[in-house]
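**Q** The structure is given below, and queries will be raised subsequently.
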């Protein structure tokens, strides 16, 4: 369960883009945004999700949306991920987990009997004022773009 609900504006934040620039809530305002949180660069599910969004970027752009991905990986890791997979959208480094924690996607996870803290894959659709319009907690990594389009078509 996320800390934010549909209708609420995401909180003020400060992060760093793949290019090393500062990115804040104000940078999100002005057009609708697909804000997606993923666990780790260059892992199978995260790569599938990023490629799906890359391939759907033009249609999302046509509908007014920009794409912003967030993970705890470093800027350097993001640069390699973008280069390797020809990603054509902004990735943010949330190394201190502040944005992930604020939205409630930094949680206790379990895998192979091991417990650890990490990002629970979640996508937020935001309006032009950075207010949440939809929350996708069961992301279809192979068709993340198609999943978003279905939601937008059923508004």
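The values are calculated or read from the model by the stated rules, or taken from the named source; none is laboratory data. Worth saying up front: this structure is predicted, and the values here are computed from it rather than measured. Neighbour counts are summed over all protein chains in view; Cβ atoms, including those assigned to glycine, are modelled from backbone coordinates with ideal geometry.
**Q** Are any of the residues in region 26-49 buried (at least 17 other Cβ atoms within 10 Å of the Cβ), touching a helix residue (DSSP H, G or I) at 6+ places or on another chain (Cβ under 9 Å), more than 14 Å from residue 99 (Cβ to Cβ) and without any contact (Cβ under 8 Å) to a residue 60 or more places away in the chain?
**A** Yes, because at least one residue in region 26-49 is buried (at least 17 other Cβ atoms within 10 Å of the Cβ), touching a helix residue (DSSP H, G or I) at 6+ places or on another chain (Cβ under 9 Å), more than 14 Å from residue 99 (Cβ to Cβ) and without any contact (Cβ under 8 Å) to a residue 60 or more places away in the chain.
**Q** Of the conditions (1) assigned to a helix (DSSP H, G or I); (2) out of contact with any strand residue (DSSP E or B) (no Cβ under 7 Å at 6 or more places or on another chain); (3) at pLDDT 95 or above, residue 45 fails just one. Which one is it?
**A** (3)
**Q** Output the number of residues of region 131-142 satisfying the condition of being in contact with a strand residue (DSSP E or B) (Cβ under 9 Å, 6 or more places away or on another chain) and either surrounded by fewer than 19 Cβ atoms within 10 Å (Cβ to Cβ) or assigned to a strand (DSSP E or B) (or both).
**A** Taking region 131-142 first, the residues in contact with a strand residue (DSSP E or B) (Cβ under 9 Å, 6 or more places away or on another chain) are 131-137, 139.
Okay, now just the ones that are also either surrounded by fewer than 19 Cβ atoms within 10 Å (Cβ to Cβ) or assigned to a strand (DSSP E or B) (or both), so 131-137.
Summing the residues that are in contact with a strand residue (DSSP E or B) (Cβ under 9 Å, 6 or more places away or on another chain) and either surrounded by fewer than 19 Cβ atoms within 10 Å (Cβ to Cβ) or assigned to a strand (DSSP E or B) (or both) in region 131-142 gives 7.
**Q** Next question, about the same structure. Among the numbered criteria (1) in a loop (DSSP other than H, G, I, E, B); (2) at pLDDT 95 or above, which one does residue 35 miss?
**A** (1)
**Q** Considering region 1-20 alone, what residues qualify as being assigned to a loop (DSSP other than H, G, I, E, B) and either modelled with pLDDT of 95 or more or farther than 19 Å from residue 79 by Cα (or both)?
**A** Step one: of region 1-20, the residues assigned to a loop (DSSP other than H, G, I, E, B) are 1-8, 10-13, 18-20.
Correct list: 1, 2, 3, 4, 5, 6, 7, 8, 10, 11, 12, 13.
**Q** Give me a count of the residues in region 58-74 that are part of a helix (DSSP H, G or I) and buried (at least 18 other Cβ atoms within 10 Å of the Cβ). Break it down stepwise before answering.
**A** Going residue by residue through region 58-74, those that are part of a helix (DSSP H, G or I) are 58-62.
Now drop any that are not buried (at least 18 other Cβ atoms within 10 Å of the Cβ), which leaves 60.
Counting residues in region 58-74 that are part of a helix (DSSP H, G or I) and buried (at least 18 other Cβ atoms within 10 Å of the Cβ) gives 1.
**Q** Let me ask something additional. In region 15-24, which residues are in contact with a strand residue (DSSP E or B) (Cβ under 8 Å, 6 or more places away or on another chain), over 14 Å from residue 106 (Cβ atoms) and in contact (Cβ under 8 Å) with a residue 12 or more places away in the chain? If you could, list the steps in order and put the result at the bottom.
**A** So in region 15-24, the residues in contact with a strand residue (DSSP E or B) (Cβ under 8 Å, 6 or more places away or on another chain) come out as 15-18, 22-24.
Filter once more, so that each one left must be over 14 Å from residue 106 (Cβ atoms): 16-18, 22-24.
Passing the criteria: 16, 17, 18, 23, 24.
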